[in-house]
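Here is the structure we will look at.
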Amino acid sequence: MLLIVMAMAAAPGCSDRIDMEDASIPLSLGVDLGPDNKLLYYSTFPVFSINVKKKKQETEAQATTLRQSRLKQDAHSAGVFSGRNYQVFLVGKRLLQQEDWFRMTDVLFRDAKNSVTNRVIAYDGPLSEIVYLTPENQPRLPLILRGMVDTKNARSETVRTTMQELHRQIFEKGDDGFDCRS
């Protein structure tokens, strides 16, 4: 009887299992403004199939919010879309020139399952140039970009900024603890 109870207790843990071939795990998320000043969202994710030559898939969606873009990207992805493993967050220069651009990332911080350790990378140009880039005989582009940021930061050539650190930089009041009256 104890064996049957243990087997039944372990069975629910396997019911929500997703095989790698059936999953779409985006490694990068990019946001930019298109030519018509509408938000464009980009994702790249690896394809885990031995039957395909191209080992990554890119999606592009025009939407007003990140949640809407996820729905559109899920419709164009081959598997179950899981947006929790981003390695890099790419931001286009045109979007950075907008005053309240960071407010649209709020949804990334509201879901506790989302990672806030992904690297934030600003790109001087349209994000489509970098998202659709496929270097031969190289690791996946998001992994290359993350590695470049980390190694360049170690040599003080760039600054490694995570989503969490960027959030702190934008919303911290800047109180340094010194009292000018004393």
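The values are calculated or read from the model by the stated rules, or taken from the named source; none is laboratory data. Every value quoted in this text rests on a predicted model; they were computed, and no experiment measured them. Don't worry about glycine lacking a Cβ; one is built from the backbone with ideal geometry, like all the others, and counts go over all protein chains shown. These accessible areas exclude ligands, DNA and RNA; they are computed on the full protein's heavy atoms, side chains included. Shrake-Rupley method; radii C 1.70, N 1.55, O 1.52, S 1.80 Å.
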Original post:
Per-residue HN-Hα couplings for region 98-109, Karplus 6.51 cos²θ - 1.76 cosθ + 1.60 at θ = phi - 60°, whole Hz, x for Gly and Pro?
Top reply: 7, 5, 9, 5, 6, 4, 6, 8, 3, 4, 5, 8
Original post:
Length gain on complete extension for the stretch residue 124 to residue 48, per 0.36 nm per residue less the alpha carbon to alpha carbon distance?
Top reply: 24.3 nm
**OP:** Calculate one ³J(HN,Hα) per residue across region 150-155 by plugging θ = phi - 60° into the Karplus curve 6.51 cos²θ - 1.76 cosθ + 1.60, and present them in order as whole Hz with x for glycine and proline.
**Re:** 5, 6, 5, 5, 4, 9
Original post:
Just the accessible area for residue 70, please: 1.4 Å probe, Å², rounded to the nearest 10?
Top reply: 50 Å²
**OP:** Give a residue-ordered list of calculated ³J(HN,Hα) values for region 126-137 (Karplus: 6.51 cos²θ - 1.76 cosθ + 1.60, θ = phi - 60°; whole Hz; x for Gly, Pro).
**Re:** x, 5, 4, 4, 8, 5, 8, 6, 10, x, 7, 6
Original post:
How much length is gained on full extension from residue 102 to residue 154, taking 0.36 nm per residue of separation minus their Cα-Cα distance?
Top reply: 16.1 nm
Subject >> Residue order for 109, 45 - accessible surface, 1.4 angstrom probe, largest first >> reply: 109, 45
Subject >> Per DSSP, loop GluC sites (Glu not before Pro) in region 82-163 with at most 14 further Cβ within 10 Å >> reply: 99, 136, 157
**OP:** Straight distance only, please: which lysines reach the Cα of residue 173 with their own Cα at less than 29 Å, same-chain residues fewer than 8 apart left out?
**Re:** 93, 113, 152
